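These notes concern the structure reproduced below.
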Amino acid sequence: MNQMRLELEMFYPQEEKNSLLARFKEKSVSGAFVGLTLLAMAGWIYLLSSMFLKFMLWWFS
């Protein structure tokens, strides 16, 4: 019976009980990555749009 249980756990591992702090750290790291990615994208959009606006103002002046 014990051998069968070990084989089942090998194929269907039970979730480890992580502490609340460990789960929070894991989610905060991925959240920080998404936040930095969005900030970088917003920076590029601002840079390109300001360059485009300057070009349009130069072109039509």
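Nothing in this text is a laboratory measurement; each read-out follows from the coordinates by a stated rule. Note that this is a predicted model, so its numbers are computed, not measured.
Determine ³J(HN,Hα), in whole Hz, for all residues of the range 27-37 in sequence, where each value follows from phi through the Karplus function 6.51 cos²θ - 1.76 cosθ + 1.60 and θ = phi - 60°; x replaces Gly and Pro.
6, 6, 5, 5, x, 5, 4, 5, x, 5, 5
In whole angstrom, how long is each semi-axis of the equivalent ellipsoid of the range 20-61, when you take the square root of 5 times every eigenvalue of its Cα gyration tensor and sort them from largest down?
Gyration-tensor ellipsoid for the range 20-61: 40, 4, 4 Å.
Under the Karplus relation 6.51 cos²θ - 1.76 cosθ + 1.60, θ = phi - 60°, what is the ordered set of whole-Hz ³J(HN,Hα) values for the range 45-50, x standing for Gly and Pro?
5, 4, 4, 5, 5, 5
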